[in-house]
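For reference, the structure is listed below as structure tokens.
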Amino acid sequence: TEDTTYSTYHLVPRGADLVLVGTPVANTQAYVLDDHLQPVPVGVVGELYLAGDGLSRGYAKRPGMTAERFVPCPFGAPGARMYRVMDRVRRRTDGELEYLGRTDFQVKVRGYRIELGEIEARLAEHAGVREAVVLVREDTPGEKRLVAYVAGDETAAAEVLRAHLSERLPQYMVPAAYVRLDALPLTPNGKVDRRALPAPEGGAFPARGYEAPSGKTEEAVAAIWADLLGVKRVGRHDDFFHLGGNSLLATRLVFRIRREMDVELSVRDVFEKPELSLLAQHLLDAQLAQSDPNQIAELLALVRAADVGCRNNELLSEPISTTLSIAERERILEMARAGRLERSAPKSSSIVPVERTGALPLSFAQKRLWFIDRLEPGSAVYNLPVAQRLGGALDEAALERALGEIVRRHEALRTTFAEVDGSPVQVIAPFGGFSLPVEDLSDLSEADREAARRRRAGEEARRAFDLSAGPLFRAAVLRLGEEDHVLLLSMHHIVSDEWSMGVLFRELWALYAAYREGRESPLAELAVQYADYAVWQREQLEGEVLDRQLAYWRERLADAPALLELPTDHPRPAVQTYRGATVPVELSPELLERLQALGRSEGATLYMTLLGAFQVLLSKYSGSEDIVVGSSIAGRTRKEFEELIGFFVNTLVLRTGLSGDPSFREVLRRAREVTLGAYAHQEVPFEKLVAELQPERSLSHSPLFQVMFTVENAGGGGGALPGLSVSGVGAEHVSAKFDLSLTLTPTPRGLRGGLTYS
């Protein structure tokens with residue numbers, strides 16, 4: 001109906017196994033586009049959009065839905081529209097379109113975007129399954145879970161199907177329950193009647209299903225898991241990584257347990273004991289191990305005497321983990337908390353707002369960027385520009401008010417940097433309102449309009465910031481048409497990072513929606529600000545803590561090669577130019593699945609697997625067996641930092657030895673050890689590490705490493721503007737801080753990313 005009934009056609013050969021979507025009818029255009037509305041190559045999966053003479057004007061009296069589905073067409077005449085069909089397709093070499101499924105059968109569970117059709121296809125590969133349908137059910141309010149329905153024989157048992165899928169899919173895509181039916185219920189027109197599918201019961205859950213946490217320690221750990229992972233229910237046999245955990249979340253878990261439970265834990269402990277009950281037992285052992293065994297034995301005797309009517313004064317001769325039951329551990333610690341047992345608990349530091357009356361220090365990362373800015377004033381290499389195309393009726397006043405509220409909420413966006421007695425300090429300006437400039441380009445011809453858009457976006461991306469005068473946050477709107485705008489945002493890295501961009505857009509969408517409807521801000525006030533973090537960071541990194549962390553890095557990076565010599569087309573310039581370009585990287589969903597399965601078999605994350613592969617590749621090109629790369633880490637180890645805009649990101653230096661002609665599984669084990677060690681000592685800012693190690697400095701390359709590797713899977717985006725379609729606009733300016741940077745993001749369509757090179 002949206003495109004006059006028929007849009008494409010296909011001649012079906014007799015006995016054909018595959019029926020295609022085909023090719024467009026006359027005066028109709030079919031585009032296969034990516035998430036940024038850019039055409040994808042032949043053979044690559046994209047989303048189908050239709051345009052041409054048959055297109056409707058929209059949905060009657062539903063402007064929001066019209067704006068969402070009938071979007072501006074970048075390939076047609078001015079004002080042209082195209083219809084978002086919500087079909088996933090790919091164009092074959094003969095020009096025919098092949099249908100691969102619906103995008104609205106893509107769901108989000110526990111923060112992961114999941115293709116239900118992909119799970120159904122893997123289920124259908126099992127010999128005992130004739131048909132399969134997978135749904136997201138919420139039988140318990142707030143608790144979403146994947147449920148598989150299969151028509152098949154007795155071999156399609158829940159345990160068997162779960163094992164079958166676990167070998168082929170990442171754990172977050174493996175359903176929690178499996179309902180076997182004689183046949184799937186159908187609607188009168190022959191489609192699966194999803195509403196008639198029953199709720200799972202009893203035998204639908206694989207053996208060793210949910211078991212409630214036992215004891216206060218398991219309950220406390222389960223509560224932290226639930227908050228970090230965004231799940232409603234955590235069982236004692238659940239696996240942290242199977243529930244959606246990753247290296248970043250494991251790091252945050254360590255800090256949460258340290259703060260809330262007063263127990264030291266390492267990231268390695270989380271990897272080695274990912275099951276809730278095992279991790280809780282480890283925490284109990286760690287708490288008891290901090291005390292004198294004689295005192296433990298005395299309290300154990302009291303506990304056992306109360307249980308069995310006798311007293312046992314013998315000292316413990318076996319390890320605590322084999323001598324004490326969980327209940328006995330719990331009761332001893334209760335007595336300890338009542339004052340019966342002395343132990344040396346780790347120091348826990350809370351973050352509190354500091355007075356704004358005196359000089360406020362910079363964080364270590366900020367100080368490095370301030371120093372670089374003094375050496376190279378006017379450089380745009382640390383600009384963070386973003387351009388978003390907004391299709392539909394934009395409420396410019398609501399957008400301006402929303403951006404202004406974000407500037408008011410986050411002191412970092414009102415901060416400049418002054419020099420006092422030779423040292424830089426933060427200067428936070430009071431909020432004095434916010435103005436959003438709008439530049440009208442709608443009167444230009446289509447070609448001139450697009451040229452002006454690209455020129456203005458490039459100018460904004462390259463326009464330098466003055467750290468002493470500010471502002472260090474800029475925004476502008478380009479009006480291309482009545483329902484076609486581009487939002488340009490730019491921040492200096494000294495007050496922001498990639499995670500901050502996600503915070504900004506989540507808040508922007510929430511505030512815009514509220515102001516557009518005449519409501520007040522739905523966002524709670526922030527408890528602390530970035531300046532409070534900078535003070536806290538400096539207080540934490542002193543004395544024994546800093547010495548212990550630095551000792552690890554001194555040993556780890558001793559005699560590391562100063563330069564990774566990759567073959568280049570041109571000699572290395574005496575001074576880095578930061579000029580760069582990017583080429584896209586796309587790896588198939590099937591390869592992503594195999595990589596995840598390999599990582600699981602070795603107790604490694606996808607990040608570790610990809611790191612090992614990349615370092616092998618770098619070794620082949622450089623001829624070196626000692627490979628050092630940098631990798632960014634969010635640096636938001638505490639809950640208070642998660643919703644702040646600011647420069648938190650830290651850089652880890654990952655050195656992997658590849659001598660001895662190792663197999664790739666051995667490389668993966670080495671990469672895992674390197675990564676776990678780095679995570680355990682991530683509190684040392686990169687800037688502090690460079691100052692401590694004092695590598696030979698050169699203006700021609702970065703210190704310690706020249707290649708950066710990043711896997712992005714947390715902290716970004718989220719949300720949408722009501723009544724508007726939102727899509728990214730390609731970067732008009734690319735800077736290369738390193739010789740080579742590989743960034744990858746796991747998506748339902750495989751690994752997507754890019755190689756940025758000098």
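Peptides 527-535, 455-463 ranked from most to least packed, by the mean per-residue count of other Cβ atoms within 10 Å: 527-535, 455-463.
Which sequence of GLU643, GLU118 reflects their accessible areas, 1.4 Å probe, from the largest down?
On the way: GLU643 85, GLU118 50 Å².
Descending accessible area places them as GLU643, GLU118.
3J(HN,Hα) along the stretch 431-444: 6, x, x, 8, 10, 9, x, 10, 10, 8, 10, 5, 7, 7 Hz, from the Karplus curve 6.51 cos²θ - 1.76 cosθ + 1.60 with θ = phi - 60°, whole Hz, x for Gly and Pro. Bridgeable lysines around LYS191 (alpha carbons under 26 Å apart, same-chain partners fewer than 8 residues away excluded): LYS108, LYS144. Between GLN426 and LEU360, LEU362, the built amide H atoms are under 5 Å apart, and every one of these is 5 or more places off in sequence or on another chain.
Sort 385-393, 578-586, 28-36 by the packing proxy (mean of other Cβ within 10 Å over each peptide's residues), most packed first.
Working: 385-393: 20.4, 578-586: 13.7, 28-36: 17.6.
Taking the mean over residues of other Cβ atoms within 10 Å, the ranking is 385-393, 28-36, 578-586.
With the cut-off at 1.5 for a/c, could you classify the stretch 467-509 from its C-alpha gyration tensor as rounded, prolate or oblate?
Working: a/c = 3.45, a/b = 1.55, b/c = 2.23.
Note, shape of the stretch 467-509 comes out oblate.
Set against the labelled values (1) 29.3; (2) 27.8; (3) 31.4, Kirkwood radius over Cα pairs in Å computed from this structure falls on (1).
Name the shape class, rounded, prolate or oblate, that the alpha-carbon gyration tensor gives for the stretch 653-703, where a ≥ b ≥ c are the square roots of its eigenvalues, rounded holds for a/c under 1.5, and otherwise prolate holds if a/b is larger than b/c and oblate otherwise.
oblate
Couplings 3J(HN,Hα) for the stretch 540-553, derived from phi with the Karplus relation 6.51 cos²θ - 1.76 cosθ + 1.60 (θ = phi - 60°), are 6, 8, 8, x, 5, 4, 5, 4, 5, 5, 5, 4, 4, 5 Hz, where x marks Gly and Pro. Annotation: the antiparallel percentage among DSSP beta bridges lying fully within the chain is about 85.
VAL231 contributes about 10 Å² of solvent-accessible surface, heavy atoms of the protein only, 1.4 Å probe. Anisotropy class assigned to the stretch 371-497 is oblate, per the alpha carbon gyration tensor with a/c at or over the 1.5 cut-off and a/b no larger than b/c.
In this structure ARG374 has an accessible area near 130 Å², from a 1.4 Å probe over the protein heavy atoms.
Counting only residues at least eight positions apart within a chain, or on another chain, the lysines with an alpha carbon under 21 Å from that of LYS737 are LYS367, LYS688.
Rounded to the nearest 500, what is the 222 nm mean residue ellipticity of the chain from helices alone, with -39500 (n - 2.57) per DSSP H run of 4+ residues and division by all residues? Walk me through the intermediate numbers first.
Details: 20 runs with 247 residues, N = 758.
Mean residue ellipticity, 222 nm, calculated: -10000 deg cm²/dmol.
Using the per-residue mean of other Cβ atoms lying within 10 Å as a proxy for protection, in what order, highest first, do the peptides 436-444, 599-607 fall? Could the numbers behind the result be given before it?
Details: 436-444: 13.4, 599-607: 19.1.
Highest to lowest by the protection proxy: 599-607, 436-444.
Using θ = phi - 60° in the Karplus curve 6.51 cos²θ - 1.76 cosθ + 1.60, the 3J(HN,Hα) couplings for the stretch 186-200 round to 10, 7, x, 9, x, 8, 5, 8, 5, 5, 8, 6, x, 5, x Hz; x is entered for Gly and Pro. Under 5 Å from the amide H of GLU602 lies no amide H of any residue 5 or more positions distant or on a separate chain, with H modelled from the backbone and absent for Pro and chain starts.
Got a sec? What order do ASP421, ASP227 fall in by accessible area at 1.4 Å, biggest, i.e. largest, first?
On the way: ASP421 155, ASP227 70 Å².
The ordering from most to least exposed comes out as ASP421, ASP227.
The values are calculated or read from the model by the stated rules, or taken from the named source; none is laboratory data. None of the values given here were measured: they were computed from a predicted structure. Here the Cβ is made from the backbone with ideal geometry for all residues, glycine too, and neighbour counts use every protein chain on show. Each accessible area value is taken on the protein alone, full model and side chains, heavy atoms only, with ligands, DNA and RNA left out. Shrake-Rupley method; radii C 1.70, N 1.55, O 1.52, S 1.80 Å.
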